[in-house]
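Below is one structure, written out as structure tokens; comments come after it.
The values are calculated or read from the model by the stated rules, or taken from the named source; none is laboratory data. From a predicted model like this one, the values you see are computed outputs, not experimental measurements. A quick note on method: Cβ atoms are made from the backbone with ideal geometry, for glycine too, and the neighbour counts reach across all protein chains shown.
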Amino acid sequence: MSVTAKSHRCVVLKKPLDLVIEDRTVPEAGPGEVLVNVQCTGICGSDVHYWLHGGIGSFILKKPMIIGHESAGIIAAVGPGVTHVKVGDRVTMEPGVPCRMCPQCKTGNYNLCPDMAFAATPPYDGTLCGYYRHAADYCYKLPDNVSFAEGALVEPLSVGLYACERGNVKLGHRVFIFGAGPIGLVTAAAAKARGATYVAIADVNAERLDFAKTYYTDAQYTLERPEQGEPNMEYARRTANQILTAEEPFDVVLDCTGVETCVQTSICLARNGGTVMLVGMGAQVQTLPVAEIYSREVDVKGVFRYKNIYDPAVKMLGAGLIDVKPLITHTYSFDEAIKAFEHARNGTDNPIKIQILGDNLV
Ligand SMILES: [Zn+2]
Ligand SMILES: [Zn+2]
């Protein structure tokens, strides 16, 4: 089974600040692979970062790369040996395919595979194109009541669900989240779905907090900037003390900002024996109050993307346990893809998730 179109349009990052729609040859599905006719793709902060800066950490753009990794679509062709999906199936795609051979892969920790091929992480092409070639077993069928737009949101939702899983968010927990962007919000939704009974969220942006009021959070805190000359750790203690005048300490604190003062405040907000999750990626070296960690047994844990979470995420959307629809604030056609990226960059109208529909292929 193959696709008749010979070429398809792709959104290609040629070099920093140079994003274009370009024709490319349609790939062919090899053994164990499928071609997915992409129907919807969300723009992620990392996509915008690659566009503006050409790299994140050690991942540097060295040749043109198709952008995008939050996608859902329709199976358009299947390669030899593929049995669990068929042409016409509606699927969401987990964008990272690991080597399957290394000790990390063999123990199920495939998110830590050193040879991960992750969509739109250099040098691997992303999903914002007509037809994306993907490992069949990294495609997950969408229930009929879950749209492609919701399917494209399984990627960020997986980040939130896995962060809460690794942070051991449990029934009755009190959870605090730094950052009310898309990841902070899906993390709030995930915490509630796991049984947290109280979720507070903090951000410097009042508009984002206004949105958060309507989305799985019980309290919203506007963060002030540190006073001029105030050391970060003093600011963190002061902020935590302010919050703790009205609140009990928190079972799990998830930092979705990567900002040093937020990580420091997170550790101060955690209860004795509580957990702090480092979800956001910020400065590579930070000063942390280690005495809080050892004298109060606060566990500080990193989290890298997600693993084994797409299947439950899709099922939770299907069962209505989490609603991601309110997060979709703007939708663009494929022709307007570059405009959509401009919008993500300038942030007009407080966008949460901007999505781009699939190309109209014949
Ligand atoms: Zn993403
Ligand atoms: Zn591996």
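The residues of the stretch 101-143 that are more than 16 Å from ligand 1 (Cβ to nearest atom), touching a His at 6+ places or on another chain (Cβ under 9 Å) and part of a loop (DSSP other than H, G, I, E, B) amount to a single one, 130. When restricted to residues that are under 22 Å from residue 201 (Cβ atoms) and of a type outside the set (Lys, Arg), the stretch 290-316 contains 10.
Taken as a whole, the stretch 137-152 holds at least one residue that is within 16 Å of ligand 2 (Cβ to nearest atom) and at pLDDT 95 or above.
Scanning the stretch 87-120 for residues that are surrounded by fewer than 21 Cβ atoms within 10 Å (Cβ to Cβ) and of a type in the set (Val, Ile, Thr) turns up 87, 97, 107.
Looking at 181, 167, 195, 172, just one residue is outside the structural domain of residue 329 (by TED's automatic domain parsing), surrounded by 24 or more Cβ atoms within 10 Å (Cβ to Cβ) and modelled with pLDDT of 95 or more, and that residue is 167. Those residues that are at positive phi and within 16 Å of ligand 2 (Cβ to nearest atom), I need them from the stretch 74-126; list them, please. Answer for the stretch 74-126, where residues must be at positive phi and within 16 Å of ligand 2 (Cβ to nearest atom): 100, 108. Scanning the stretch 161-173 for residues that are in contact (Cβ under 8 Å) with a residue 40 or more places away in the chain and not basic (Lys, Arg) yields 161, 162, 163, 164, 165, 167, 168, 169, 173.
Where strands (runs of 3 or more DSSP E) fall entirely within the stretch 1-100, those with at least 2 residues that are closer than 26 Å to residue 314 by Cα are at 33-42, 70-78, 90-93.
Among the conditions (1) within 15 Å of ligand 1 (Cβ to nearest atom); (2) more than 21 Å from residue 309 (Cβ to Cβ), residue 46 misses just one, which is (2). Count, please, the residues in the stretch 252-279 that happen to be surrounded by fewer than 24 Cβ atoms within 10 Å (Cβ to Cβ), in contact with a Gly (Cβ under 6 Å, 6 or more places away or on another chain) and not aliphatic (A, V, I, L, M). Number of matching residues: 2. Pairing each residue of the stretch 220-231 that is over 17 Å from residue 256 (Cα atoms) and outside the structural domain of residue 265 (by TED's automatic domain parsing) with any residue that is assigned to a loop (DSSP other than H, G, I, E, B) and of a type in the set (Lys, Arg), provided the two are 6+ apart or on different chains, yields no C-beta distance under 9 Å.
Given the structure, is residue 66 within 16 Å of ligand 1 (Cβ to nearest atom) and touching a Leu at 6+ places or on another chain (Cβ under 7 Å)? In short, yes. Checked against (1) buried (at least 19 other Cβ atoms within 10 Å of the Cβ); (2) out of contact with any Phe, Trp or Tyr (no Cβ under 9 Å at 6 or more places or on another chain); (3) among the acidic types (Asp, Glu), residue 125 passes all but condition (2). Residues in the stretch 68-86 that are closer than 18 Å to residue 151 by Cα and either surrounded by 15 or more Cβ atoms within 10 Å (Cβ to Cβ) or not assigned by TED's automatic domain parsing to the domain that holds residue 145 (or both): how many? Final tally of qualifying residues: 10.
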